[in-house]
Structures are given as C-alpha cells and as structure tokens.
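Below is one structure, written out as structure tokens; the observations come after it.
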Amino acid sequence: MPGLKQEKCVPCRGGIPPMTPAEIEQVHPQVPQWTVEQDSGIDHLRRVFPFKDFQAALEFADRVGALAEEQGHHPVLTIEWGKATVQWWTHKIKGLHRNDFIMAAQTDDLYQRDI
C-alpha cells in the first residue's frame, strides 16, 4: 500500500461526514508531527515549520501553494519571521478528510527537501 505522500487528492464535493476519531487515529501516525486541533468545533491538521528567516518561510509557503493548486486542495498558510504554519481541513465537510492527511504528508515531503 502506498504511503500518503504518493496518493492524490480526490475531489470532495461535500455530503459526506468528516473522519471519525477512530479513522483519524488510524492515519495520523503517518504524519506524527501534525497536531489535530479544533477551531470553532472543526478539526484541523496543524504544523509549524521552522526556518532560518522570513524569506525561507515565504519560499516554502510558495511551494505549498503550488502543491495546493496542483492538488486542488488549499490550506491556511501563516508566514512569520522564522516559521510557516500550515493548516489543512476540508471546508465542504467541516472537518478532516483523507485528503488533508495526504496534503500533510506531501507538505512534510516539501519541507524535507528544504532542510
């Protein structure tokens, strides 16, 4: 079975429930540096990536943005001096979908190329 970073996002048109805690627990170990956090009662995946300066964080965010466009799934990106915070969740279902974990794994892969 391929790892999450080799998978592609599938279009989520809504009308399905978000992942259950048990489903999240099964796939979360594949992206262990991401935390599952709630914002307004909606589960999000969140990770803060450290960088040497603002420019490096900005360049990483640009690569994450290109990946998001390619996959048709878009995060919240927050850029600060020395760090970039990325949050994934699926807006249409107001929670987590396998796509969010796929994108987290692919984001980790992008970061590994930076360090």
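For (1) of a type in the set (Phe, Trp, Tyr); (2) touching a Cys at 6+ places or on another chain (Cβ under 7 Å); (3) surrounded by 18 or more Cβ atoms within 10 Å (Cβ to Cβ); (4) within 21 Å of Met19 (Cα to Cα), each residue gets a yes or a no:
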{"position": "Gly65", "(1), (2), (3), (4)": "no, no, no, no"}
{"position": "Ala68", "(1), (2), (3), (4)": "no, no, yes, yes"}
{"position": "His74", "(1), (2), (3), (4)": "no, no, no, yes"}
{"position": "Thr78", "(1), (2), (3), (4)": "no, no, no, no"}
{"position": "Gly82", "(1), (2), (3), (4)": "no, no, no, no"}
{"position": "Trp89", "(1), (2), (3), (4)": "yes, no, yes, yes"}
{"position": "Lys92", "(1), (2), (3), (4)": "no, yes, no, yes"}
{"position": "Tyr111", "(1), (2), (3), (4)": "yes, no, yes, no"}
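Within the stretch 69-89, the set of residues being touching a residue at least 60 places away in the same chain (Cβ under 8 Å) and more than 10 Å from the chain's Cα centre (by Cα) comprises Gln71, Gly72.
Considering only residues in the stretch 1-18 that are buried (at least 17 other Cβ atoms within 10 Å of the Cβ) and more than 22 Å from Tyr111 (Cβ to Cβ), the one that is modelled with the highest pLDDT turns out to be Pro18.
Across the stretch 90-115, the qualifying residues are those that are of a type in the set (S, T, N, Q) and under 20 Å from Gly41 (Cα atoms), and the one among them that is nearest to the chain's Cα centre (by Cα) is Asn99.
The values are calculated or read from the model by the stated rules, or taken from the named source; none is laboratory data. Remember, predicted model here, so these are calculated numbers, not experimental data. Backbone-built Cβ (ideal geometry, glycine too); neighbour counts: all protein chains shown.
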